[in-house]
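What follows is a set of notes on a single structure, which appears directly below.
Where a number appears in this text, it was derived from the coordinates with a stated rule and is not lab data. Since the model is a prediction, treat every value here as computed from it, not as a measurement. Note that each Cβ is placed from the backbone with ideal geometry, even for glycine, and that neighbours are counted across all protein chains shown.
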Amino acid sequence: MQAELYTICAVILFALGLIAFLVRDGVFHKVLALNVMGIGIFMLFLSTSAFYPMAIDSVTHALVLTGIIVAVAGTALALNLAAQIKLEPLSKEQKSCDKSH
Amino acid sequence: MIEPFSERKLHPILVLSVVAVVSLISALLIYALLQENVHNNEMYNLVMEKIHLTGVSNPVTAVLLSFRVYDTLLEFAVLFCVSIACLPYLKLNKINIQHIKIAHSQLFTLVKALVPLVILLSGYMLWVGSFKPGGAFQAGALLTGAGLLLSLLNIEFTKTRSLFWRLLFSLSLIFFLIAICYGYFATSTFLLFPSELSGGIILFIEFAATLSIAATLYLCYLSVRGRKEREVGDAS
Amino acid sequence: MSTELTFGLSLIFDVVLIICIVILALGTLFNRSVFTSIVLFISLGLMITIAWVRLGAIDVAIAEAAIGAGLTGALLLGAWKRFEKKKSQLLSGANDD
């Protein structure tokens, strides 16, 4: 019962992350959505081994461990690259447009 | 779309269609995952049969550094590439240590007490990974936490283009290659370590991996913050 | 009798934990303010650590607590501060025109 619950939670987390990635705008929301999708995938990995609580699957644990490190490195790179985007100073029209949204 | 702080909203019909498609896909995925014949438990038996050959008794460490050691080698190469990619964004930072001691004395005392403990805990986590949950990745992450504690007091190590830091970034790959060469000459098989020394070789690789992971993650943290303006004195 | 009781209790614990995780994920992703999203993301990371312990993956839980919750949160907060400075510079630069 426990493993099925966590499988459903993993797919829900992945779906929420995917929806937020497609719908929300702006670098931070997209990076957060990618991270939540990653957490959903890790939970899916780990819940497949919970179907047999006495026989733990260590290969999935190792893969998730590697995946967590790569996810944080990818987040750092994404934030670095986003900071290098040179933005023009906002003209008066663009500022009034920004305020109206 | 890629501006850092734009708040445009999408048309509601598009939002509804995205939600509908993703819900349909996830419902199908849940249905497929809850079938009877999807999961099995063969991996446990396979690992437990041969774990005495690896010299460690923690199955996750054995899998990471003995059964799937090729994946770990490539993982260290990925972290090395990340450290190269984050280096150009680092801006130098100058601090004033006298200012810290006088102005924030409670924070200073707390960090002075905690940082040596965290370093000790990281060394313990590295050693205990052979027979209890732990290992190189966790130890490296703890060392990065010590670096983050120090940066609460604006003490940052920013000379990351010096030879010492470049050695730190590549230390895991260097030690890994030494271990692979020794393993090749001892057993004439690529990526196979001799059974009696396997535990020691795994600790050797993990020691270098801890330092490299800590250095790379600390560099990631420093490079994201950008430039800060302070005066006088330089801590490196 | 007692094994059924502990089975029921652990099931209730799992259900409450999963409801907390889903609510935190919703709060992280669909929120107007970036700062609130980042703080809720750190909390989500800590609840996920408990979930990893429940699934029996202790190594992953240690790594997630240190890296997933702590380091990613620090990264995101540092980047947010930098973007706030850049945004205020841009807005004040446009004001001078």
Report the net charge of residues surrounding C:Leu77, where surrounding means a beta-carbon distance below 11 angstrom and charges are Lys +1, Arg +1, Asp -1, Glu -1.
-> +2
Ranked on Cβ counts within 10 Å of their own Cβ, fewest leading, B:His52, A:His29, B:His11, A:His61 go B:His11, B:His52, A:His29, A:His61
Taking every residue in C:79-90, how many Cβ atoms of other protein chains lie within 10 Å of its Cβ, on average?
-> 5
Using only Cα atoms, locate the centre of the stretch B:25-58 and the centre of the stretch C:11-34, then give the distance between them in Å, rounded to an integer.
-> 27
Those GluC sites (Glu not before Pro) from the stretch B:10-61 that are DSSP loop and have at most 14 other Cβ neighbours within 10 Å turn out to be B:Glu36
Rounded to the nearest 20 Debye, what is the dipole magnitude of the protein assembly as shown about its Cα centre when Lys and Arg each give +1 and Asp and Glu each give -1 at the C-beta?
-> 1660
Which of B:Ala32, B:Tyr221, B:Thr210, positive extreme of dipole for chain B (C-beta unit charges) = B:Tyr221
Scaled to the compact-protein estimate 2.2 N^0.38 Å, what is the alpha-carbon radius of gyration of the stretch B:79-210, rounded to two decimal places?
-> 1.32
Where does each of B:206-214, C:12-20 land if you order them by average Cβ count within 10 Å, highest first?
-> B:206-214, C:12-20
When only DSSP loop residues count, what chymotrypsin sites (Phe, Trp or Tyr not before Pro) in the stretch B:161-197 have their Cβ near at most 12 other Cβ atoms within 10 Å?
-> B:Phe190
State, in angstrom, two size descriptors of the stretch C:36-97 derived from its alpha carbons: Rg to one decimal place and Dmax to the nearest whole number.
-> 17.2, 60
Would you be so kind as to identify which of B:Phe175, C:Ala51, B:Cys86 lies farthest towards the positive end of the dipole of the protein assembly as shown, taking Lys and Arg as +1 and Asp and Glu as -1 on Cβ and the Cα centre as origin?
-> B:Cys86
Can you tell me the order of A:63-75, C:25-37 when each peptide is scored by its average per-residue count of other Cβ atoms within 10 angstrom, highest first?
-> A:63-75, C:25-37
When Cβ neighbours within 10 Å are restricted to other protein chains, what is their mean count per residue of peptide B:134-142?
-> 6
How large is ³J(HN,Hα) for each residue in the stretch B:190-200, as worked out from phi by the Karplus curve 6.51 cos²θ - 1.76 cosθ + 1.60 (θ = phi - 60°), to whole Hz, x for Gly and Pro?
-> 5, 6, 10, 9, x, 5, 5, 9, 5, x, x
Can you pull the one-decimal nm distance between simple spin-label points at B:Tyr124 and B:Thr109, each 7 Å off the Cα toward Cβ?
-> 2.4
Other protein chain Cβ atoms within 10 Å, averaged over every residue that makes up C:44-57 = 5
Unit-weight point scatterers at every alpha-carbon of chain B, Debye formula, q = 0.11, 0.18 1/Å: log10 I(q)/I(0) is -0.81, -1.22
Mind jotting down the three principal axis lengths of the stretch B:186-225 based on Cα atoms? Whole angstrom, largest first.
-> 47, 18, 8
Report the normalised scattering of the protein assembly as shown as log10 I(q)/I(0) at q = 0.06, 0.08 Å⁻¹, calculated by the Debye formula with identical scatterers on the alpha carbons.
-> -0.29, -0.51
